[in-house]
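The next block holds one structure in the form of structure tokens; read it before the comments.
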Amino acid sequence: MKPSRTTRSSSPTTSSAVGRRRGKATRPADASQPAREKRVAPIRIAWKAALAYLFVLFLVYLAGYFVSRIFSFLYLLLLFLPLLELLQVLATLFRLRFYQHFDNEHPVKGETIAYRLALANESPIASAVVSLHFKTVHPAVATELHDLRRCFAGNETYEERYAIRCPYRGIYTVGLESIAIRSLSGWIEVLRPAYHRTFYVYPRIITLTPPFVGSRSEATSGLVSSGLQVDRSLFEGLVDYRAGLPVRDIAWRKYLSTGLPFLKEYRRSSEPGITIYLDLRRREAVSPLLLEREDCSVEVVVALVHYFVRSGVPVTVRALARDVYTFHSARGERFAQFHHETINLLFGSFPSPVELFRSDRRAGAAAGSILFVTHLPDPDILDLVLPGEIRPVGAIVNLHGLPPEARSRYDPYFHAIRERGGRLILVQGADTIREDIEG
């Protein structure tokens, strides 16, 4: 029930990066899971507090019998105190309402979830002690939603607002984990069901302008040329002739019958395609900058897969982690599936993707052009991009967050590779992915 009357309101803004689990994540059908209840034991009794109460009650009884009758009156008050507190706890349990609102059901990396929590005590008497514990699952660096503990006056409505940032892809869990209603003396506590919501935050989809390949003649030409050749056996239709286009494919019969020039349009062959090897190695401690760099690599792969799927080029993504991850799209479909599966691409202490590539090559599985995407300037990868006898191999090196001194140290190496005809693209940062790839 959403409270309609507000007698007190506070609106602090807490920025909380809530996100990535360390275990294997499983993608739901939606970007956010429905709210779910937290199963807890409904009643807790603090036996130490109960025994202390009974001991004090016994002492007051003795004092009323041996010292003064005023203690007998106090004894009667203490005798009924637990019953009064129990009634207050029950009134709070049945008359306390809470409402949670999330303004963004499908957040994308970099967006913010506006989270609002409202509570209303619909009883005319003051509430027992209410403790709210928030559920937060987050990376190593994050700001917690602080627990709330207070009493509510009769018919009081209370509201809190939070801004939950989603700076990284991953799993974000936002909302209440538990609501505990406790007596003033603390001898009894009743837990009522609470719920939270789990959001699956996916990487951004950066659209590359077709055809981006060939814009860097030495860097990318030949990487997917075999997958983009015109197949004249696959007639698509007729298009209007425009000045400057070659006249080789003019439909002469159509021209003779109508007097208007048309060009024959053919589909592009989608064989043999391209295989992308994503580097999932992690060589330093987790930090916000490292998570941004890793997400940048994933977004580069997402942009490439999106481009090739739209172009009808078969694309395969391979990554070496605890298990070998493989995605394959033969005829330009299943991109949404791949985009959702990126939630499972977790970085860690894994072998080099060069090992997977060599294993695939020995097995004859590395078909078509080869493209490595890495955030580590690894000589084992970069030596493969030099012209050789094997099929075209290229590399995209993600330099996001790399210190200037490290970049200056690697620049001569990158320049030498390009001078020797190596197919190499350098992505300077997450905000320049499209510009750096398109050149």
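Since every read-out is calculated from the coordinates, none of them should be taken as a lab result. Remember, predicted model here, so these are calculated numbers, not experimental data. Using ideal geometry, Cβ is built from the backbone for each residue, glycine included, and neighbour counts are taken over all protein chains shown.
Highest mean first, how do 296-303, 201-208 rank when packing is the count of other Cβ atoms within 10 Å averaged over residues?
Numbers: 296-303: 23.9, 201-208: 18.4.
Final packing ranking: 296-303, 201-208.
Summary value for the stretch 36-201: 30 percent relative contact order, contacts being C-alpha pairs under 8 angstrom separated by 6+ residues. Exposure proxy shown here: for LEU74, LEU345, the number of other Cβ atoms within 10 Å sets the order, fewest to most, as LEU74, LEU345. Sorting 130-136, 369-375 by their mean Cβ neighbour count within 10 Å, with the most densely packed peptide first, gives 369-375, 130-136. FRET efficiency for the GLU284 to SER185 pair, using the beta carbon distance and R₀ = 60 Å, is estimated at 0.70. The packing ranking, built from the mean of other Cβ atoms within 10 Å per residue, places the peptides 305-315, 106-116 in the order 305-315, 106-116, highest first. Can you work out the FRET efficiency for the pair ASP103 and HIS339, with r the C-beta to C-beta distance and R0 = 25 Å, to the nearest 0.05? After rounding, the FRET efficiency stands at 0.65. Amide H contacts of LYS135: GLY175, LEU176, GLU177, each under 5 Å away and 5 or more positions distant or on a separate chain (H built 1.01 Å from N in the peptide plane; Pro and chain starts excluded).
Each residue, GLU292 and GLU419, gets one label point 7 Å from its Cα in the Cβ direction; the gap between the two is 3.3 nm.
What are the equivalent ellipsoid semi-axes of the stretch 64-155, built from the alpha-carbon gyration tensor (square roots of five times its eigenvalues), in whole angstrom, biggest first? Display every interim value, and only then the final one.
Working: eigenvalues 395, 54, 13 Å².
Each semi-axis is the square root of five times an eigenvalue, giving 44, 16, 8 Å.
Taking label points 7 Å from Cα along the Cα-to-Cβ direction, ARG361 and ASP323 give a separation of 2.8 nm. Spin-label pair VAL67-ALA114: with each label point 7 Å from Cα along the Cα-Cβ axis, the two points sit 6.0 nm from one another. Amide hydrogen proximity for GLY394: with H placed 1.01 Å from N in the peptide plane, the residues at 5 or more positions away or on another chain lying under 5 Å are ILE370, LEU371, PHE372.
Compared with the direct C-alpha span, the chain from ASP431 to LYS264 gains 56.2 nm at full extension, assuming 0.36 nm per residue.
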